[in-house]
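Reviewing the structure listed below.
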Amino acid sequence: MTSNPNSILLTGGAGYIGSHTYVALVEAGYNPVILDDFSNSHPAVLARLERITGRPVVCERRDVADTAFVQAMLQRHAVAAVVHFAGFKSVGESVAQPLKYYRNNVGGMVSLLQAMDAANCRTLVFSSSATVYGDPASVPITEDFPTSHTNPYGHTKLVCEDMLAALRTANPAWQVGVLRYFNPVGAHPSGLIGEDPSGIPNNLMPYVAQVAVGRRPCLNVYGNDYATPDGTGVRDYIHVQDLAQGHVAASQALLDDGEGGDSFTVNLGTGKGHSVLDVVRAFEQASGRPVPYQIMPRRQGDVAQCYADPALAQRLLGWRATHSLADMCADAWRWQSQNPEGYE
Ligand code: UFG
């Protein structure tokens, strides 16, 4: 069966980055279909996607590790490429429950790749992370920096990257785009979809947003004695809308290339570093609300600075981030203030 070049499967397509990418792919003329087990996403997102795009969403509720189901789904929709978002992403949880992470992130990907192989669909965009750089020796980080891991979550991302490299060696028909995300934040400008972490947010921006909206009293700033301009940690925050466009560019590059075309591994970041206090100030500005904070000891495993050199993505994919920190905060605030309890 020949595939439909517009048909793209999004595993984890109901999640934070998956849902924004869904919208961007529809706007670029693709027909994305979603596979999600809703283990870390909310079914209410589907109606929001329909409101934004004005068309029905095709979504199957199933674990990505159900090989036979995924193979049948790939064939049923004549899928040309898969964007694989379905993975767990909490560093702390991965330390406490490593097997949950190896099973879903590594086992899930083995199953997905087997299903793709059986369905003759060998084009994949993979959600990796700047976590594969461990504690970088310097910044900005280019893709040829040495990789390492400091927790099971990071290890699963590295194992998946290695698995994809091995697969390409075994069969050059595989075309793989590995996207190493820096710190995705913000929300769709409609305020209809956004990040909805369950429980207490681990990440900075959703925590700041929940303080601003009054759900939490105060932000804990983990360390102000780093070797950075104001002593707090510096990260490369990237608007989820820019990240979504990065997936469109990556899918296009692989699909336009034909079988056996060039694979790539690229950073998706802005190239700019912002400190924790920069984010607090920008969020106060965007929301008009105070964000009280207290300085706490460093969080274990954190690095002082982490930001991308995004030049390779621009060169290979013609992609670059265009949104500022002010845009990220304004859109995160619109989502948070319109949906104070998330999708509930
Ligand atoms: N921070 C706080 N208070 C908080 C949360 C975070 O001060 O409540 C600080 C952190 O110490 C760090 C910065 O805000 O300096 C960003 O922290 P995040 O948790 O938002 O993001 P990280 O850079 O630690 O983690 C992200 C991803 C991980 C990934 C890691 C490395 O969430 O999945 O980048 O790439 F592993």
**OP:** Inspect region 81-89 for any residue being of a type in the set (G, A, S), out of contact with any Lys or Arg (no Cβ under 6 Å at 6 or more places or on another chain) and away from the ligand (no atom under 16 Å from the Cβ) and give the result as yes or no.
**Re:** yes
Subject >> Single match in A137, A130 (criterion: within 16 Å of the ligand (Cβ to nearest atom) and crowded, with 21+ Cβ neighbours inside 10 Å) >> reply: A130
Original post:
Which condition number does T232 fail, the rest of (1) within 14 Å of W335 (Cβ to Cβ); (2) of a type outside the set (G, A, S); (3) buried (at least 16 other Cβ atoms within 10 Å of the Cβ) being met?
Top reply: (1)
Original post:
Among (1) assigned by TED's automatic domain parsing to the domain that holds N120; (2) not in a loop (DSSP other than H, G, I, E, B), which single condition is E284 missing?
Top reply: (1)
Subject >> region 270-281: number of residues that are more than 10 Å from the ligand (Cβ to nearest atom) and either part of a loop (DSSP other than H, G, I, E, B) or small (G, A, S) (or both) >> reply: 4
Subject >> C121 being over 18 Å from the mean Cα position of the chain (by Cα) and either assigned to a helix (DSSP H, G or I) or assigned by TED's automatic domain parsing to the domain that holds A65 (or both) >> reply: yes
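May I ask you to say which residue of G186, G177, G154 is surrounded by 15 or more Cβ atoms within 10 Å (Cβ to Cβ) and under 20 Å from L312 (Cα atoms)?
The unique qualifying residue is G177.
The rows are residues; the columns are (1) part of a helix (DSSP H, G or I); (2) away from the ligand (no atom under 13 Å from the Cβ); (3) touching a Pro at 6+ places or on another chain (Cβ under 6 Å).
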position	(1), (2), (3)
K157	yes, no, no
R168	yes, yes, no
P172	no, yes, no
G177	no, yes, no
R180	no, no, no
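The values are calculated or read from the model by the stated rules, or taken from the named source; none is laboratory data. Remember, it's a predicted structure, so these values are computed and weren't measured experimentally. Note that each Cβ is placed from the backbone with ideal geometry, even for glycine, and that neighbours are counted across all protein chains shown.
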